[in-house]
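Data first, discussion second: the structure below is written as structure tokens.
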Amino acid sequence: MMSEQKENNSGVSGQYKTWFLDYASYVILERAVPAMEDGLKPVQRRILHAMKEMDDGRFNKVANIIGQSMQYHPHGDASIGDALVNMGQKDLLIETQGNWGDVRTGDDAAAARYIEARLSKFALDVAFNAKTTDWQLSYDGRKNEPVTLPMKFPLLLAQGAEGIAVGLATKILPHNFCELIESSIKYLRGKKFELLPDFQTGGSIDAANYNEGLRGGKIRVRATIEEADKKTLVIRSVPYGITTTQIMDSIVKANDQGKIKIKKVTDHTAAKVEILVELAPGISPDITIDALYAFTDCEVSISPNACVIVNQKPQFLSVHELLKIATDHTKDLLKKSWRSNSANCRKNYIIHPLRKFSLKKKFIRSWKKSMKPGKR
């Protein structure tokens, strides 16, 4: 029996099975799915670590940050640049300077040599502490990199995450910063709390079937549509994951198919989203608004799938469980940091008097020596 199993594993089919499992495990753990402890994928963690090494309070060229990050990330500059722009657009851990694109319009960021970034004060406060960080060798063995960052905040729920691995996917929706803090406090006080997604693109949501972010859940996200006058509608926000270009294309397509009747659609988006929809003569604005939600990308359905890495294995957890684990992890980090600081204080409390006593003895000895005859 053992010989047959060995023969199967050493054959072509057995080798393919081994290679597939190795590749699938690598993609899940090293590329696509974030870790529970800090809410980061490896490329994001390496970028933040590289930026911390470069940090001097000033902005750095993104091209330089990419080069520094390549010491830790073995998958090329393109993946690093994309991940850095994605984090910069979320305006939480990274402060940006220059043209970083727009998630509402789908405009790309400028080239890496033209834009700059630095760690935000918030990131410096909550994401780094060398004393509470576990380290490992980088891919080439030349440098040390953090296993996970000591994140003292539920970052995973704040900025969300999305990734596709082999036979596995994760989609964690972003949540409101202040609501996460309030929910953490309620949890620590033993009170009930509720968490619902919150999108930087605005709009309204129907989260009746959210299912706490688990597989099988679903939310509906709507753009904000206002009636400017009897002949014109104005779209003021876009659903999460949809751009103004996609909305305009879907409106034109619905008009061509006869599902809505419009005269013209134009995009006036600048600092705020503004898409003007001019109606055909005799068409009701209210009926057109309903049709826009029904037949265009003004309303979309999103299916969350909260999957994270826990103890080197992917696990599906609800957003409530994620917040509880993140809050408990923050408590542990604060305790660990306090113990380390207390130990240093005790050490200094003992050493400083001894050092003063030693210096005093040296001074007295030197003074006595200088007072001897012939030394004046």
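Taken across the range 108-123, residues that are touching a helix residue (DSSP H, G or I) at 6+ places or on another chain (Cβ under 6 Å), within 23 Å of His329 (Cβ to Cβ) and part of a strand (DSSP E or B) do occur, with at least one present. The conditions of being in contact with an Asp or Glu (Cβ under 9 Å, 6 or more places away or on another chain), among the small types (Gly, Ala, Ser) and not in a helix (DSSP H, G or I) are not met by Ala63. For the range 188-229, the tally of residues that are hydrophobic (A, V, I, L, M, F, W, C), within 30 Å of Asp286 (Cβ to Cβ), exposed (fewer than 14 other Cβ atoms within 10 Å of the Cβ) and outside the structural domain of Leu292 (by TED's automatic domain parsing) stands at 1.
To keep it simple, each residue is scored yes or no on (1) aliphatic (A, V, I, L, M); (2) over 21 Å from the mean Cα position of the chain (by Cα).
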| position | (1), (2) |
| --- | --- |
| Leu196 | yes, no |
| Gly217 | no, yes |
| Arg222 | no, yes |
| Ala228 | yes, yes |
| Ile242 | yes, no |
| Met248 | yes, yes |
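If you go through the range 235-264 and keep only what is touching a helix residue (DSSP H, G or I) at 6+ places or on another chain (Cβ under 6 Å) and charged (D, E, K, R), you end up with just Lys259. When Lys121 is tested against (1) under 27 Å from Met36 (Cβ atoms); (2) surrounded by 15 or more Cβ atoms within 10 Å (Cβ to Cβ), exactly one condition is not met: (2). Within the range 309-333, residues that are assigned to a helix (DSSP H, G or I) have Cβ atoms under 6 Å from residues that are among the small types (Gly, Ala, Ser) in these pairs: Val319/Gly213; Leu323/Ser183; Thr327/Ser184, counting only partners at least 6 apart in sequence or on another chain.
Evaluate the following for Gly106: is it exposed (fewer than 13 other Cβ atoms within 10 Å of the Cβ), more than 22 Å from Pro34 (Cα to Cα) and at pLDDT below 95? No. Flag: Lys369 matches the condition of being of a type outside the set (Val, Ile, Thr), surrounded by fewer than 10 Cβ atoms within 10 Å (Cβ to Cβ), modelled with pLDDT of 65 or more and in a helix (DSSP H, G or I).
A residue that is assigned to a helix (DSSP H, G or I) and of a type outside the set (Val, Ile, Thr) cannot be found anywhere in the range 90-97.
Checking the range 194-202 against the condition returns no match, with no residue being among the small types (Gly, Ala, Ser) and at pLDDT 95 or above. Please find, within the range 78-90, the residue that is nearest to Lys143 (Cα to Cα) out of those that are in contact (Cβ under 8 Å) with a residue 24 or more places away in the chain and not polar (S, T, N, Q). Among them, the one singled out is Ile80. If the condition is being surrounded by 17 or more Cβ atoms within 10 Å (Cβ to Cβ) and part of a loop (DSSP other than H, G, I, E, B), then the range 236-255 contributes Ser237, Val238, Pro239, Tyr240, Ile242, Thr243.
For the range 292-301, the criterion of being closer than 30 Å to Ile28 by Cβ, touching a residue at least 40 places away in the same chain (Cβ under 8 Å) and hydrophobic (A, V, I, L, M, F, W, C) is satisfied by at least one residue. Hey, does the range 149-163 have a residue that's under 20 Å from Asn64 (Cα atoms) and among the acidic types (Asp, Glu)? There is no residue in the range 149-163 that is under 20 Å from Asn64 (Cα atoms) and among the acidic types (Asp, Glu). Could you tell me whether Leu29 is under 24 Å from Ala169 (Cβ atoms), touching a residue at least 12 places away in the same chain (Cβ under 8 Å) and assigned by TED's automatic domain parsing to the domain that holds Asp140? So Leu29 fails the test.
Which condition number in (1) among the polar types (S, T, N, Q); (2) assigned to a helix (DSSP H, G or I); (3) modelled with pLDDT of 90 or more is the one that Ser358 fails? That leaves (3) as the condition not met. Test Leu137 against the criterion of being among the aliphatic types (A, V, I, L, M) and surrounded by fewer than 16 Cβ atoms within 10 Å (Cβ to Cβ), and give yes or no. Considered against the rule, which asks whether it is among the aliphatic types (A, V, I, L, M) and surrounded by fewer than 16 Cβ atoms within 10 Å (Cβ to Cβ), Leu137 comes out as yes.
The values are calculated or read from the model by the stated rules, or taken from the named source; none is laboratory data. Because the structure is a prediction, the values reported are computed rather than measured. Neighbour counts run over all protein chains shown; Cβ positions are idealised from the backbone, glycine included.
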